[in-house]
Amino acid sequence: MTIAIYRSVQEEAENAHQAERRFSVSGVLSELDVSSSGYYDWAARKPSKQAQHRKEMKKKIQTI
């Protein structure tokens, strides 16, 4: 559930940035009662080896 919140907040922040609107990530996370440190850790995290493998396999399957 928390990952879904993180993804939604990240998407909204990107949309706001593209539209040159102000957007407070920490403010939204606070309203949703989600830790901002957890969000920023998640945002900076590199994909796992398994996630990378799945992405590669998905590309291979789509080319077939």
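Of note:
- Condition check for LYS60: of a type in the set (Lys, Arg), over 12 Å from the mean Cα position of the chain (by Cα) and surrounded by 10 or more Cβ atoms within 10 Å (Cβ to Cβ): no
- Residues located in segment 10-22, provided they are more than 21 Å from ARG45 (Cβ to Cβ) and either not in a helix (DSSP H, G or I) or not aliphatic (A, V, I, L, M) (or both): ASN15, GLN18, ALA19, GLU20, ARG21, ARG22
- Residue check, ARG7 charged (D, E, K, R) and either surrounded by 11 or more Cβ atoms within 10 Å (Cβ to Cβ) or in contact (Cβ under 8 Å) with a residue 40 or more places away in the chain (or both): yes
Coordinate-derived values only; no laboratory data. Treat the numbers as computed from the prediction; the structure is a model and nothing was measured. Here the Cβ is made from the backbone with ideal geometry for all residues, glycine too, and neighbour counts use every protein chain on show.
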